[in-house]
Amino acid sequence: GPAGLECAYTAAQRGHEVHVYEKRDQIGGTLLEARKSPYGDEELFSCIDYQKVQCEKAGVKIHLGKEVTADMIKDELPDSVVLAMGPVYAKGTAPGFDGKNVVNILDVMRGEAKLGENVVVWGNRKPGIGAALMLAKQGKKVTLVGKEKSAGFDINPSFKWRYMIFLRQNNVQAYNDCDIEEIKEGEIMVKTYDGYRFPVKCDTVVVSERRPNDQLKNVVQGEGIELFVIGDALMPRNLSSAVHDGFHIGTRI
């Protein structure tokens, strides 16, 4: 993704031999899904296009279709490891989150999830808003439920107002500063932080809430290898934060 690629070519420009491993057959990280949102989000991928060129110029070796494993790290024992694997999309702990009507946002953006007519997107940051707008464009009745006090907390203020207009234009109902208390058949129960509860019609819940990804962290530390965690793997944020992480660590290694 953008954090890993930024770190890779920055470190390579400083004389390091850098290898990037990507388990999919294309670079881009979660921007591969994010660019499918409407209203110009395709432009987000221009960052990846630029970074790809810089990696080629700097001599970064990119290995596609190859996932880093604990055994690989133990066998190769690199001088430094940078984990830039993106976030984990974590289901909630409320009753019903283990049901078949709860799906991952990445599967939704790829068109691989089976959805009902009434869709609730859980998470009111940029990923959730992007998914909500895409689904609304497909004719779904979409409700956005999130813990942040205002939707789009992580969107650049220069662009946030546009997304708020897009939500209204597409009849997406947003409930902020609240959470899902229970998922039932045909509806969810929403609870605000002042204790008020109300039902929302729902056939499918889309999980867009993210948390840090600590996969492989203990393995690297156990081998005594210099370790850096960047981007959404460190803390789920926005694109500019991911790029900044990558550049910062690329200059430190």
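Kirkwood Rh over alpha-carbon pairs of the chain, then Stokes-Einstein at 4 °C and 1.567 mPa s: what D in µm² s⁻¹, rounded to an integer?
Values: Rh = 19.3 Å.
The Stokes-Einstein estimate is 67 µm²/s.
Would you work out which of 143, 90, 53 lies farthest towards the positive end of the dipole of the chain? Charges go on Cβ: Lys and Arg +1, Asp and Glu -1.
About the Cα centre, the residue reaching furthest to the positive side is 143.
With the cut-off at 19 Å, tell me which of the pairs 114/201; 23/217; 137/184; 91/114; 149/191 have Cα atoms farther apart than that.
137/184, as the Cα separations exceed 19 Å there.
For the range 55-69 and the range 207-253, what is the separation of their Cα centres, given in Å?
Comparing the Cα centres of the range 55-69 and the range 207-253, I get a distance of 17 Å.
If r is the Cβ-Cβ distance from residue 252 to residue 61 and R0 is 25 Å, what FRET efficiency results, to the nearest 0.05?
For R0 = 25 Å, the calculated efficiency reads 0.75.
For the range 87-185, compute Rg over Rh where Rg is the Cα radius of gyration and Rh is the Kirkwood radius from the inverse mean 1/r over Cα pairs.
Rounded to two decimals, Rg over Rh is 0.94.
Give me the angle, in degrees from 0 to 90, between the Cα long axis of helix 157-169 and the longest principal axis of the Cα atoms of the chain, rounded to the nearest 10.
40
Every read-out reported here was derived from the displayed coordinates using simple, explicitly stated rules and does not represent laboratory data. These figures come from a predicted structure and were not determined experimentally. Positions of Cβ are generated from backbone atoms using ideal geometry, with glycine treated the same way; all protein chains shown enter the neighbour counts.
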